[in-house]
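Below is one structure; the comments refer to it alone.
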Amino acid sequence: MPLPLLAANDLPDLAGRIAIAPGCRIVYDPEYEEGAAVPLDPFALPDQTCAAEFGPWRSPAPHSVNFIGLFPLPNVLDCSFRSALLQVSTYKEVMAILDTPEFHSFCNNVTRTLTTVLNVDGPIELKGISMKAPGMSTVTVDNSSGLRVGLHLDSNDRKSVYERDQCRNRLSINLGLGSRYLLFQNLTVGEIIDLLGKKGMRDIHPQICSGIARLFRATAPEVPVLRLRIDPGEAYVAPTENIIHDASTIGSTQNDFSLSLLGNFTIKDRAN
Ligand SMILES: [Fe+2]
């Protein structure tokens, strides 16, 4: 079963939010790690079945972090921290403004605002502000190699591949001036393991998620990649340790800024 794809009730242009690519491909580019995969272009508007998957904001299951949600946080844009952020052009400058009272005030405001639509079970971990170049088909870089990793699974919680539905989910807010995108394949790690098992691959190492992602794209490259548009002042929540994903700044002409948080974010019933 695909994860529920949920939109806050006041989100504009819902029909235009999703595009779909027919699968993924191995990319041969010196900026990417060997064997990395990216969506197989072109992206197209989804058929009606896929478009209808966008459901109303609701709790998919009690205390479940396994959903993909999109909602606006418009009041986070109009503040001194964001104005300062839009002026920076280097990562060093980004780091410098994180050590200011304006940033801490901004984070408090974000936390207050997001809890109007989400429950937060336990602490929130601030992952920081990310600055990415515009026009990138995928943005995630392995800090140790400096290379882009392509579609991948996160591994912050260090859970085995059989416990990925218990990981925290990620909340990411677009603080830039242009749209950004969440790319993902709507299958959980558990479903991927089942699919691989049906193809005779049952010897899965429980701790090697990158191996699963690679095995999966080699054996099922035709699984579609969805692209979800996140406009400035909007946030997505997604279980990025349980679905293969990346972000993209394709089509944008200005630096991309986002704030990422990890936590157990679940949906408040009757929000908005
Ligand atoms: Fe990621």
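The values are calculated or read from the model by the stated rules, or taken from the named source; none is laboratory data. Everything numeric in this text was worked out from a predicted model, so none of it was measured. Neighbour counts are summed over all protein chains in view; Cβ atoms, including those assigned to glycine, are modelled from backbone coordinates with ideal geometry.
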Margin query: Would you confirm, using the coordinates I've provided, whether residue 208 is surrounded by fewer than 23 Cβ atoms within 10 Å (Cβ to Cβ), at pLDDT below 90, more than 16 Å from the ligand (Cβ to nearest atom) and among the hydrophobic types (A, V, I, L, M, F, W, C)?
Written below: yes
Notebook entry, point to check: So is residue 184 surrounded by 15 or more Cβ atoms within 10 Å (Cβ to Cβ), more than 19 Å from residue 129 (Cβ to Cβ) and modelled with pLDDT of 95 or more or not?
Noted result: yes
Next item on the list: Identify all residues within the range 135-165 that are within 15 Å of the ligand (Cβ to nearest atom) and not in a loop (DSSP other than H, G, I, E, B); write none if there are none.
Entry: 141, 142, 147, 148, 152, 164
Checklist line | Search result, residues across the range 219-258 that are among the acidic types (Asp, Glu), within 14 Å of the ligand (Cβ to nearest atom) and in a strand (DSSP E or B) | finding: 246
Notebook entry, point to check: in contact with a strand residue (DSSP E or B) (Cβ under 9 Å, 6 or more places away or on another chain) and under 20 Å from residue 131 (Cβ atoms) - does that describe any residue in the range 34-54?
Noted result: no
Next item on the list: For residue 191, indicate whether it is buried (at least 19 other Cβ atoms within 10 Å of the Cβ) and under 27 Å from residue 56 (Cβ atoms).
Entry: no
Checklist line | Enumeration of residues in the range 58-107 that are surrounded by 16 or more Cβ atoms within 10 Å (Cβ to Cβ), more than 27 Å from residue 169 (Cβ to Cβ) and β-branched (Val, Ile, Thr) | finding: 88
Note to self: Can you find, within the range 122-134, the residue that is nearest to the ligand (Cβ to nearest atom) among those that are part of a loop (DSSP other than H, G, I, E, B) and farther than 23 Å from residue 25 by Cβ?
What the structure shows: 124
Margin query: Please verify whether residue 184 is closer than 27 Å to residue 42 by Cβ and touching a His at 6+ places or on another chain (Cβ under 6 Å), treating the condition exactly as stated.
Written below: yes
Note to self: Could you list, ordered by first residue, the pairs with Cβ atoms under 9 Å in which the first is in the range 37-56 and within 11 Å of residue 227 (Cβ to Cβ) and the second is modelled with pLDDT of 75 or more and among the charged types (D, E, K, R), at least 6 apart or interchain?
What the structure shows: 39/25; 39/227; 39/246; 41/25; 43/227
Next item on the list: Could you list, in sequence order, all residues of the range 166-184 that are more than 10 Å from the ligand (Cβ to nearest atom), part of a strand (DSSP E or B) and over 20 Å from residue 1 (Cα atoms)?
Entry: 171, 173, 174, 180, 181
Item checked: Residue identified as in contact (Cβ under 8 Å) with a residue 40 or more places away in the chain and within 25 Å of residue 126 (Cα to Cα) among 187, 226, 177 -> 177
Checklist line | Enumerated strands (runs of 3 or more DSSP E) restricted to the range 14-75, each holding at least 2 residues that are farther than 19 Å from residue 248 by Cβ | finding: 54-56, 68-72
Margin query: Here is a list: 261, 195. Which entry is outside any loop (DSSP other than H, G, I, E, B) and within 14 Å of the ligand (Cβ to nearest atom)?
Written below: 261
